[in-house]
Amino acid sequence: MKTLLLDANVLLALAWPNHPFHRRALGRIDLRSRLRWGTCLLTQAAFVRLSSNPAVIPGAKSPAEAGQMLQQLIEDRDHVFLEARKSARPQLGALLRRCQGHNQVNDAFLIWLASVHGGTVLTFDAPLRHLAPSKDLVELIA
């Protein structure tokens, strides 16, 4: 079963009904057929940080409340937590060499993690596709 690794922006859009891309994120997740959706430590931490930042989310929650929101999301039966695998670190190095700067480091990590688990990164961020060595590693929500 294939896994969609949600980047932090998709995770935020999914959780917050007042997010401008909420319907797009929800629509894509609802379309999945026999697919799991995943998070990782990086996306979970970003979710809590951004959900508690009023400059990002109107009506932002406290970090504790954002953590509770995250817990509710990941209790979904189709959720899977993706862990980094030590044996696959050489692949991460190859992706980091493709980075054009520091802003792509998290993207490289997510692409690497998805590839290690046979999944795909789900994102709104079109430039992420150019970092991936293979088209099937990134799916763009249009």
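Every number in this text was worked out from the coordinates using simple rules, so none of it is lab data. Here the structure is a predicted model, which means the values were calculated and not measured. Note that we place each Cβ from the backbone using ideal geometry, even for glycine, and neighbour counts take in every protein chain shown.
Simple point charges give the picture: +1 on the Cβ of Lys and Arg, -1 on the Cβ of Asp and Glu, and for the chain a dipole about the Cα centre of about 360 debye. The modelled label-to-label distance between A55 and R89, using points 7 Å beyond Cα along the C-beta direction, is 3.4 nm. Restriction of the trypsin sites (Lys or Arg not before Pro) in segment 1-93 to DSSP coil positions whose beta-carbon has at most 10 other beta-carbons within 10 angstrom yields R34, R77. Under 14 Å of direct C-alpha separation, and excluding same-chain neighbours fewer than eight residues apart, K2 reaches these aspartates and glutamates: D78, D136, E139.
Here the extension length gained between R24 and R98 equals 23.7 nm, from 0.36 nm per residue of separation less the Cα-Cα distance.
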